[in-house]
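What follows is a short report on a single structure.
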Amino acid sequence: MAPSVLITGASGYTGSRLARRLLRDGWIVHVIARPSSNLAPLTDMIDKVRVHYYQGTTESMLRIVGEAKPDIVAHLASFASVTYRSQDIHAMLHSNVIFGADLMEAMMRHKVYNLINTGTFSQHYDHLPYNPNSLYAASKQAFEDIARYYLESSPLRCITLTLFDSYGPKDPRNKIVNLLYNAYVTGEPLATTPGEQLLDMVYIDDVVQAYTLAASRLLRGTAEPHEKYAVSSRNPLTLRRLVALFEEEVGAKLKVVWGAKPYREREIMVPWTEGSLLPDWHPQVDIRTGIKLYLADKGCAP
Ligand SMILES: NC(=O)c1ccc[n+]([C@@H]2O[C@H](COP(=O)([O-])OP(=O)(O)OC[C@H]3O[C@@H](n4cnc5c(N)ncnc54)[C@H](OP(=O)(O)O)[C@@H]3O)[C@@H](O)[C@H]2O)c1
């Protein structure tokens, strides 16, 4: 019998790539969406995944987990943003706290005891075990604290994967590699910070590989009740260096306006390095190769 997974955040970049990979590996893939979800990233596999709709209620989550009864839940849903407007607070807390609590409660009710949770390096400002750089990071930690209750009171096993900056082909997010590409194709100036902050860039396939290894570990039953791993390149580079590499790969100079923006309040200048790597996981794609793959997907020949 093929193993089954229930993925939250499957309409997002990482979640959709994980869904594609697990389908390819023969998993039965259930995903949780919302009535408002944009399922475009799942278009090419929509007839293969089983889509369940969360209506914002505990009852709907109970129904979903009861119908799917997955071997593993991979929880990636999040209003993921270190900057926010006051009017975003409810959406952020709903995604990172209420949705997660509904998920845990439903897992307990249906005796689903394997969870892969997704953390962020921004929970570790100043290299501390916990120091959130943003409300987003604090709300991710709030979910971990809620999960702790379920870990203490049930047979639940949880692997938290702490992600850094992911990038790769077909990324719809407004993140740095896409910004550089847009600056390249439009020739428009790109206003940035002074650019000395270190970025821990991890290629999307390496991120997805970490989830598949964590899933195997949970299925084998070799995981401790709560394990935490960093999905880190172990080789961060400054934004300036990233721009230089990108320019080398496209063979053109971008109009980057260094220092046009200040660093963010609590900007992480040196990402957290204290987390352990998942056993048997090592990033396979270095940043230059990752940029080449990104550009090849855009049809840019070197
Ligand atoms: N990207 C990074 O570099 C990075 C770094 C550190 C940690 N992470 C973590 O990695 C995970 C995946 O990140 P990503 O960048 O791939 O995500 P993404 O592309 O921004 O997608 C976010 C997903 O979360 C769902 N979501 C948002 N608000 C929700 C809510 N209130 N209730 C339920 N679902 C909601 C979205 O579903 P809808 O379609 O329904 O809106 C979407 O599927 C997140 O947990 C994020 O915190 C990412």
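Brief remarks follow.
- Exposure proxy order (Cβ contacts within 10 Å, fewest to most) of C300, C158: C300, C158
- In a simple Cβ point-charge model (Lys, Arg +1; Asp, Glu -1; nothing else charged), the range 158-268 has a dipole of about 140 debye relative to its Cα centre.
- Rounded to the nearest 10 degrees, the inclination of helix 58-68 to the longest alpha-carbon principal axis of the chain is 80 degrees.
- Axis angle, to the nearest 10 degrees, between helix 13-24 and the longest C-alpha principal axis of the chain: 60 degrees.
- Helix axis angle, 99-109 relative to the chain longest principal axis, alpha carbon, degrees: 30 degrees
- Stretchable slack from D88 to M45, in nm (0.36 nm times residue separation minus alpha-carbon distance): 12.4 nm
- The range 212-302: GluC sites (Glu not before Pro) in DSSP coil with no more than 15 other Cβ atoms inside 10 Å: E265, E267, E274
- With helices as the sole contributors, the chain gives -11000 deg cm²/dmol at 222 nm; each DSSP H run of n ≥ 4 counts as -39500 (n - 2.57), and the sum is divided by every residue.
- Of A137, A147, A252, the one that fluctuates the most in a GNM where the chain has Cα springs shorter than 10 Å: A252
- Separation between Cα centres of the range 277-294 and the range 166-203, rounded to whole Å: 17 Å
- Loop-located chymotrypsin sites (Phe, Trp or Tyr not before Pro) in the range 60-147 whose Cβ has at most 12 other Cβ within 10 Å (DSSP): Y130
- Ascending count of other beta-carbon atoms within 10 Å, so fewest first, for K228, K48: K48, K228
- Comparing R264, R157, R241 in a Gaussian network model of the chain (Cα springs below 10 Å), the most mobile by mean-square fluctuation is R264.
- With the charge dipole of the range 118-182 set up from +1 on Lys and Arg Cβ and -1 on Asp and Glu Cβ about the Cα centre, the Cα lying farthest toward the positive end among the listed residues G119, L163, I176 is that of I176.
- Fluctuation leader among S78, S60, S11 - the chain, Gaussian network, Cα springs under 10 angstrom: S60
- Pairwise FRET efficiency - E248 versus D297, Cβ, R0 = 22 Å, nearest 0.05: 0.75
- Exposure proxy ranking, count of Cβ atoms within 10 Å, fewest first, for H127, H226: H127, H226
Here, each number is a calculation from the coordinates, and none is a lab measurement. Everything quoted here is computed from the prediction, not taken from an experiment. Glycine also receives a Cβ, built like all others from the backbone with ideal geometry; neighbour counts cover every protein chain displayed.
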